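*Asks:* Take this structure, written in structure tokens, and hold onto it; I'll ask about it next.
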Amino acid sequence: MDSLINKIIALEKISQELEPSLEKRNSLNEQLQQYTNHFIENTEYNPSYYGGNPDSEKLRIKPSKKDLKELLSIYTSEVVQKGINPAGGGHLGYIPGGGIYASALGDMLASVTNEYAGMYFGSPGAVTMENELIDWMKNVFNFPKEAIGNLTSGGSIANLIALTAARDQHQIKNEKISQSVIYLSPQVHHCIHKALRIIGLEDVQVRLLALDELSRIDIIKLNESIQDDIENGLNPFLVISSAGTTDTGAVDPLEQIGKVAQTNKMWYHIDAAYGGFFILSETKKYLFKGIELADSLVIDPHKGLFLPYGLGAVLIKNKEAVFHSHHYTANYMQDAITNTQINPADVSPELTKHFRGVRLWLPLSLYGIEPFTACLDEKLLLTTYFRNRLKEIGFELGPEPDLTVSYFWYPSKDVAENKYNEKLMEIIHSDGSVFLSSTKIDGKFVIRMAILAFRTKKITIDKAMKMIKKCIGKTNEYFNK
Ligand SMILES: Cc1ncc(COP(=O)(O)O)c(C=O)c1O
């Protein structure tokens, strides 16, 4: 017995390191706070893109210990100073994320208290908070009270949950798979295709719809395509539209597509991961008319509400369709079964999960919605400002964007346009003061702007213009113009 107790005491001493004293915690907190304050204060002056690869040796887990000071220095050189700086305002590529500070505090709270947000029984408060946030979103998007939802890690998982529900509602399985048809835009985010494979729908028929000149789904072609398929004995069951495509930011005609889906008794899914929260802008509300017709809707607070990466959301009207694949019980869960509220675990592949609700609840409760709406409106105006300035120096622009994603290219005369703009993009990336990305529109290489980072300000666009002018000079030099 004595030896057992002695062993326990010995191990207790060693494992005690996992519970630092108040004094040690204060010291760690102070170092980290200094670090994050320095990061935030200097973010405007730091590059938006760093080339090079991290030294994996420095990141390797080794038996020897390091102190926080050394670790923060490694974090800076091998993580922060590599690749894109997504917390900075100069991230104007892909779909920028955010990183508002109050969310980081929310994450800290969630991690320290480690509330169990998977089941109501474990943490009624955490689950109620997450369900309140879902109710808030239902309200924003005019979804009915009975709809259910989930706070996911991001848009991909949110789309996966929604498409699983569509599959189950329409019982697309076995021989029905190859006879069933899904209608979507060629500009739909690739996570939709990925999700279809994951949920066993690789062999469904996918109709990539024709788009109008503003890259929106052409409603006449959609109707024709559905009628053709019905006449050919197929089973049209799902139509997907985007409220803000990743490529061009286009918002499909949501209401018209919704009506087509209703008429044909199809599931209507809207991916509004990028654009959804622009519904809060009075100037853009009209674009979202009909969003409430969706059977399922994806929105991403880690895009449109400027949160740090790690928060998407899905809203779904038909609870049974979701529960078919996601609601399970087990003997060891018997104490946790309550009928009080929807459990996040019943609406998601996850059981245990990060209590991600706090990272949204805290900023929304601290600030209200007004600064978020103002920030969205600011991004819309900055998009116009950027486009105007580009035009002034001779760039050709894509069509007037619905939201804050747009594209442009330099109309080079002597060198093939694609070749010129590819080189220009490469030089912009190696400059790195502001980060832009590129895409192809009907085979044409174009440079893309996506203005959604909350730290993007007028001064950022002015900086981008300065950089672009410099890079044009270098591109011309390269081609000996
Ligand atoms: C329209 C759209 N849908 C889905 C996604 C995927 O979201 P996530 O990267 O959060 O998984 C993105 C990402 O940019 C997107 O723009």
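The values are calculated or read from the model by the stated rules, or taken from the named source; none is laboratory data. On a predicted model such as this, the values are computed, not experimentally measured, just so you know. Cβ coordinates were reconstructed from backbone atoms using ideal geometry, including for glycine residues, and neighbour counts include every protein chain displayed. Protein only, heavy atoms only, side chains kept; ligands, DNA and RNA dropped before computing areas. Shrake-Rupley method; radii C 1.70, N 1.55, O 1.52, S 1.80 Å.
*Asks:* I'd like to know which of L293, A336, F386 lies farthest towards the positive end of the charge dipole of the chain, counting +1 on Cβ of Lys and Arg and -1 on Cβ of Asp and Glu.
*Replies:* F386
*Asks:* State the extension gain, in nm to one decimal, for the chain segment bounded by T43 and I459, taking 0.36 nm per residue of separation less the distance between their alpha-carbons.
*Replies:* Residue separation times 0.36 nm, minus the Cα-Cα distance, leaves 148.5 nm.
*Asks:* Counting Lys and Arg as +1 and Asp and Glu as -1, each charge on the Cβ, what is the dipole of the stretch 106-367 about the Cα centre in debye, to the nearest 20?
*Replies:* Taking the Cα centre of the stretch 106-367 as origin, the dipole is about 220 debye.
*Asks:* Could you tell me what % of all Cα pairs in the stretch 201-270 have separations over 17 Å?
*Replies:* Taking all Cα-Cα pairs of the stretch 201-270, the fraction more than 17 Å apart is 40 percent.
*Asks:* Report, to the nearest whole %, how much of the accessible area of the stretch 1-57 belongs to carbon and sulfur atoms, 1.4 Å probe, protein only.
*Replies:* Carbon and sulfur: 55 percent of the exposed surface of the stretch 1-57.
*Asks:* Work through the residues other than D107 whose Cβ is under 11 Å from its Cβ and net out their charges, Lys, Arg +1 and Asp, Glu -1.
*Replies:* +2
*Asks:* Here's a follow-up. Here is the link list: K303/K423; K319/K353; K284/K379. Which ones come out longer than 23 Å on Cα distance?
*Replies:* Long pairs (Cα-Cα over 23 Å): K303/K423.
*Asks:* Let me ask something additional. So in the chain, what percent of DSSP beta bridges are antiparallel if you round to the nearest 5?
*Replies:* If I count the DSSP bridges inside the chain, around 55 percent turn out antiparallel.
*Asks:* Using +1 at the C-beta of Lys and Arg and -1 at the C-beta of Asp and Glu, which of N476, I8, S180 has the Cα lying farthest in the positive direction of the dipole of the chain?
*Replies:* N476
*Asks:* A further question on this structure: Return the aspartates and glutamates within reach of K265: Cα separation strictly under 18 angstrom, same-chain partners fewer than 8 residues apart disregarded; answer none if there are no such residues.
*Replies:* D168, E224, D228, D229, E231, E255, E292, D295, E320
*Asks:* What residue among F237, P86, T248 has its Cα farthest toward the positive end of the dipole of the chain, where the charges are +1 on Lys, Arg and -1 on Asp, Glu, each on the Cβ?
*Replies:* My answer, from the dipole projection, is P86.
*Asks:* Further question: With a 1.4 Å probe and all protein chains in place, put W409, W267, W136 in order of accessible area, largest first.
*Replies:* W136, W409, W267
*Asks:* Can I ask one more? Taking amide hydrogens as modeled 1.01 Å from N in the peptide plane, which residues meet the under 5 Å criterion relative to G118, leaving out close sequence neighbours?
*Replies:* K353
*Asks:* Apply 1/(1 + (r/R0)^6) to the Cβ-Cβ distance of D212 and Y101, taking R0 = 35 Å, and write down the FRET efficiency to the nearest 0.05.
*Replies:* 0.30
*Asks:* Let me ask you something else. So what is the 222 nm mean residue ellipticity for the chain from helices alone, if each DSSP H run of at least 4 adds -39500 (n - 2.57) and you divide by all residues, rounding to the nearest 500 deg cm²/dmol?
*Replies:* -13500 deg cm²/dmol
*Asks:* I've got another one for you. In the stretch 223-260, whose amide N lies under 14 Å from the spot 7 Å out along Cα-to-Cβ of Q205? List them in ranges.
*Replies:* 224-238
*Asks:* How many times 2.2 N^0.38 Å is the alpha carbon radius of gyration of the stretch 370-478?
*Replies:* 1.06
*Asks:* When the chain is fully extended, how far beyond the present Cα-Cα distance does Y385 get from L59, taking 0.36 nm per residue of separation?
*Replies:* Gain in length upon complete extension: 113.2 nm.
*Asks:* Taking the chain, how much of its Cα-Cα pair set, in percent, is spaced more than 42 angstrom apart?
*Replies:* For the chain, the fraction of Cα-Cα distances above 42 Å is 25 percent.
*Asks:* In terms of the Cα gyration tensor, with a ≥ b ≥ c the square roots of its eigenvalues, is the stretch 1-41 rounded because a/c is under 1.5, prolate because a/b exceeds b/c, or oblate?
*Replies:* Judged from the Cα gyration tensor, the stretch 1-41 comes out prolate (a/c at least 1.5, a/b above b/c).
*Asks:* Highest mean first, how do 114-121, 327-334 rank when packing is the count of other Cβ atoms within 10 Å averaged over residues?
*Replies:* 114-121, 327-334
*Asks:* Just order 412-418, 158-164, 129-135 by mean Cβ neighbour count inside 10 Å, highest at the front, would you?
*Replies:* Descending mean neighbour count gives 158-164, 129-135, 412-418.
*Asks:* For the stretch 48-136, max minus min Cα coordinate along each principal axis, in Å, sorted largest first?
*Replies:* Sorted largest first, the three principal extents are 45, 40, 18 Å.
*Asks:* Residues of the chain: accessible area per residue at 1.4 Å, in Å²?
*Replies:* Computed with neighbouring chains in place, this is 49 Å² per residue.
*Asks:* Next question. Viscosity 0.890 mPa s, temperature 25 °C: give me the Stokes-Einstein translational D for the stretch 106-367 in µm²/s, with Rh taken as the Kirkwood radius over C-alpha pairs.
*Replies:* 131 µm²/s
*Asks:* Rounded, prolate or oblate: which one fits the stretch 1-91, using the alpha carbon gyration tensor with axes a ≥ b ≥ c (rounded when a/c is under 1.5, else prolate when a/b beats b/c, else oblate)?
*Replies:* Prolate is the answer for the stretch 1-91, as a/c is 1.5 or above and a/b outweighs b/c.
*Asks:* Sorted by mean Cβ packing within 10 Å, highest first, what order do the peptides 357-369, 15-27 take?
*Replies:* The most tightly packed comes first, giving 357-369, 15-27.
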